[in-house]
Amino acid sequence: MPLNRFFKRSWSNFRERLSIVDVIFLSLRGITIIGGVAWLALAPLSGQEARSLFLVILSFTAYSLLLFLLIWHWPERIRQIYILSLVLDIIFVFHLADFKPSFDNSFFLGYYLLTALHTFYFGLRFGLLVGTLSAILYLINISHYPGHIHWTDLALRVSFLYLIAIPLGLLSERLRSDKEEIEKLNRRLEDSLENLKRVQKKLIEAEKLSALGRLTADIAHEIRNPLAALGGMARRLDRTIPEGAREKEYVKVILSEAARLESILRDILVLSSEGYLDLKRGDINAPVKEAVSFFCDLCSQGKIEIRERYQPGLPHVYLDHESVKQAVGNLITNAMDAILPDGGTITVETGTEFTNEVQWVIVSVSDTGRGIPEDRLEFIFEPFYSTKKIGIGTGLGLSIVREIMEEHRGFVRVKSSVEKGSTFTLYFPYQPEEDDKKTPCWEFMKCGIEKDPSRRCPAYPYFGRICWAIAGTLCEGRVMGTYAQKIEECHHCPFYKECHRHRDTSQ
């Protein structure tokens, strides 16, 4: 059974590595052996000649089997094996051409066959090399032939080697070029299909979150008024009940739980609200520093060290100060939960990164905590998903972070290793200030988004010069742009081409 599995695996690997041309090459070798045996049986040869040729064919069969075994064992090295076979084949033809020292010897046609086959497989240059080598060997063959051949006949025989090599070589290179182009188009098609699946998944996810947001918002509004009444009455009771009474403890519990419910409702309403943030250009370091300063005292009490690394002179991006503070605060809160109770280090950094053909200003929050298992990473941004114990946290922190980043037309990336820690990185898009005065995509494409307040596009009104990374198929957020809605590649968009044409010219 193990031997059977070995042969099956080897055969599967052999078939995957071989192209149709390789199969034809190997088949021709088999046909040559069969044809040689048939010719030997039918040709009018003397006994000595037949025995000599039989040994030659036997030798050819033996080294053909050796080559086949080499290809079977190392199919990835088939080109090198073919070069080895060329050396053996050309020696074989050389001896056949010497077998009958006469200008009537037809075995010299083997040089034509070798030149044709290797030109087609390796291309024009290699074919010319084989043709030249064949011409030299043939001249050596005829140098000791008795009799005489006119130089025009000899020139014709030699020139046919090149007349075979040149057109076949050009055809081979054209076919190879066409094949590469087809493979390139297939890869582009696969990429387009992958983008289509990715876009479809994001659209479905966005619709689900939208429906969930509407439902939770309705429920939250219905609960909010009774909860406010309960909290108000509990606070009034707290003021009237004397200290030391058992009822005082009950009221404290009611107030604590009411505050927790109010916090959950706040998070739900933030998540479900259709936020239209008033984005203004600013330094990302300012809100990040404010968010970190809020946690400094808490961290010092819990054996947590916060390291701050702010890159000075960062490009000013469009941002909402308070929302950025909340997003960074949520990430630091999660990092603290991952580190406690053992303690550890939280690192907050800012900087820049070039991705999706656009410069982004980034904020990363790293911790040395427990990390997140790989099978859970795809769920951590879903509303109400939490790895914490019931009653601790709402499971909305990261969902709110993602919502805030989408409002900033950015995105979140996470890297995590179990028992080593996690890094969450916020990406804020940067469109150079001078680009704000240039023609935006909605004017170039004449989509009319600026005239229809009922429609919404992530690129409008701030990012009209980098729409492919904000709202197109190259973006990592909600794909909503006019061109992206056609599920096309942004590389084919005329606006994208126009922007990059000017960029290439300026460079």
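The values are calculated or read from the model by the stated rules, or taken from the named source; none is laboratory data. Keep in mind the model is a prediction, meaning the values are calculated, not measured. Note that each Cβ is placed from the backbone with ideal geometry, even for glycine, and that neighbours are counted across all protein chains shown.
Structural remarks
- Tabulated pairs, the range 322-346, first farther than 12 Å from residue 398 by Cβ, second of a type in the set (Lys, Arg) and in a helix (DSSP H, G or I), C-beta under 9 angstrom, 6+ apart or interchain: none
- Subset of the range 410-465 that is surrounded by fewer than 19 Cβ atoms within 10 Å (Cβ to Cβ), hydrophobic (A, V, I, L, M, F, W, C) and assigned by TED's automatic domain parsing to the domain that holds residue 349 - its residue that is modelled with the highest pLDDT: 414
- Test: residue in the range 307-320 that is hydroxyl-bearing (Ser, Thr, Tyr), in a helix (DSSP H, G or I) and within 18 Å of residue 423 (Cα to Cα): no
Conditions tested, residue by residue: (1) within 14 Å of residue 367 (Cα to Cα); (2) at pLDDT 75 or above; (3) exposed (fewer than 13 other Cβ atoms within 10 Å of the Cβ); (4) within 37 Å of the chain's Cα centre (by Cα).
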residue: 258; (1), (2), (3), (4): no, yes, no, no
residue: 270; (1), (2), (3), (4): no, no, no, yes
residue: 286; (1), (2), (3), (4): no, yes, no, yes
residue: 297; (1), (2), (3), (4): no, yes, yes, no
residue: 314; (1), (2), (3), (4): no, yes, no, yes
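Residue-by-condition table, conditions (1) at pLDDT below 85; (2) surrounded by fewer than 12 Cβ atoms within 10 Å (Cβ to Cβ):
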residue	(1), (2)
119	yes, no
127	yes, no
133	no, no
142	yes, no
152	yes, yes
158	yes, no
169	yes, no
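- Annotation: of all residues in the range 405-447 being within 27 Å of the chain's Cα centre (by Cα) and in a loop (DSSP other than H, G, I, E, B), the one that is nearest to residue 368 (Cα to Cα) is 420.
- Of all residues in the range 123-169, those that are of a type in the set (D, E, K, R) and more than 18 Å from residue 106 (Cα to Cα) total 1.
- Positions within the range 33-73 being among the β-branched types (Val, Ile, Thr) and free of Cβ contacts under 8 Å to residues at least 12 places away in the same chain, in sequence order: 34
- Checked across the range 63-77, the condition of being in a helix (DSSP H, G or I), within 46 Å of the chain's Cα centre (by Cα) and among the charged types (D, E, K, R) holds for at least one residue.
- Residue identified as among the hydrophobic types (A, V, I, L, M, F, W, C) and at pLDDT below 80 among 137, 185, 196: 196
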